[in-house]
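Read-outs throughout are calculated quantities, based only on the coordinates presented, and are distinct from any laboratory measurement. Please read all numbers here as calculations on a predicted model, not as lab measurements. With ideal geometry, Cβ positions are generated from the backbone for all residues, glycine too; neighbour counts draw on all protein chains shown.
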Ligand SMILES: C[S@@+](CC[C@H](N)C(=O)[O-])C[C@H]1O[C@@H](n2cnc3c(N)ncnc32)[C@H](O)[C@@H]1O
């Protein structure tokens, strides 16, 4: 029995296990341990000789996962840290060469449920949004200190928010009167700025996504995490990445494509392979997404995109 009330449902579990080709007795890294959902399945598949390193930058998530995975305590190593430093963290913990790395990025439903973390516009709480509460600037600090132009840029780039200009202006106007310190204050302000609710999606969805990405430097961490993860794979080792929006998926797709490389024709005749080393091969050519059955029971799965590639030559 777990001491925690966990609501997070892991996405694309069967697909991850199949495409990662989890081997009994293998060595794996879960770079986004979260509530330990995927790791539980990995541990079951790798059997009692397998070893797992679970990393998360959120101390609360680590506590939840340790509780969930206590049955496999002897096979697990837990580390608090950013997967941007995955190579360093892994080597420090004796995971120098591994059969697989999993990254299921973003936030978990359990984090969204914690009002005091400030990730959700559905829950009133301090406007924080840091996954790692031990460092970095909060979302409140960003909205109260950045210039209108910087805010607009964040909303546009990380939220793909078409009304970025209007929202940034409203933030700057509002903070002249009172600093914006709670999730509801920001959500209400955005709703008013865009002229109320229309449709199913809350008008503050993109703003919250954008700020979360900015607060946690999510895209830079992803780029570093991919490179670090690749450096740990043994020949034939696989890396699986689940992303939840197009910005992240583009980074993963380009990273894999660069290491798969391509043959280009030369004017002088023949062809030349162009790409980055080490050489990878795509395990799934087509993006893997959840089926209707999974989407029905887990709406988060709708936007999940899985890509898997393997190291063919280091
Ligand atoms: C979607 S959840 C993972 C859920 C997990 N796969 C499961 O099935 O329970 C993502 C987790 O990754 C963590 N995370 C996100 N970015 C991270 C990063 N750069 N470094 C370390 N952990 C990160 C979050 O704190 C969160 O707990």
Counted neighbours (other Cβ, 10 Å), sorted fewest up, put 67, 96 in the order 96, 67
Residue 250 and residue 124 label points (each 7 Å along its Cα→Cβ direction) are spaced in nm at 3.7
Neighbour-count ranking for 262, 305, 177 (other C-beta within 10 angstrom, fewest to most) reads 177, 262, 305
The alpha-carbon center of segment 250-289 and that of segment 51-65 are separated, in whole Å, by 33
For the chain, percent of DSSP beta bridges that are antiparallel (nearest 5) comes out at 45
The distance between the Cα centres of segment 74-116 and segment 129-162, in whole Å, is 24
Contact order relative to length for segment 59-179, counting C-alpha pairs under 8 Å separated by 6 or more residues, stands in percent at 11
In degrees rounded to 10, the 0-90 angle between helix 59-68 Cα long axis and the longest Cα principal axis of the chain is 50
Percent relative contact order for segment 133-215, counting Cα pairs under 8 Å at least six residues apart, stands at 39
Expressed in nanometres to one decimal, the distance between label points 7 Å along Cα→Cβ at residue 132 and residue 282 is 3.2
To the nearest 0.05, the calculated FRET efficiency linking residue 109 and residue 49 through their beta-carbon distance, R0 being 35 Å, is 0.65
Only helices counted: for the chain, with every DSSP H run of 4 or more residues adding -39500 (n - 2.57) and the sum spread over all residues, [θ] at 222 nm is -12500 deg cm²/dmol
Label model pair residue 179, residue 200: point-to-point distance (7 angstrom along the Cα→beta-carbon line) in nm is 3.8
Taking Cα atoms only, helix 148-159 is inclined relative to the longest principal axis of the chain by an angle, in degrees rounded to 10, of 40
Cβ density ranking, 10 Å radius, fewest first, applied to 259, 245 yields 245, 259
Taking Cα atoms, the helix 164-177 axis meets the longest principal axis of the chain at an angle in degrees (rounded to 10) of 50
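Over the chain, calculate the relative contact order: mean separation of alpha carbon pairs under 8 Å at least 6 apart, over the residue count, as a percent. Walk me through the intermediate numbers first.
Values: 586 pairs, mean separation 56.4, N = 314.
In percent, rounded to a whole number, it is 18.
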Nearest-0.05 FRET efficiency for residue 314 and residue 116 at R0 = 35 Å, using Cβ-Cβ distance, is 0.20
The FRET efficiency for residue 66 and residue 88, from their Cβ-Cβ distance with R0 = 22 Å and rounded to 0.05, is 0.55
In nanometres, the difference between 0.36 nm per residue of separation and the alpha-carbon distance of residue 75 and residue 5 is 22.8 nm
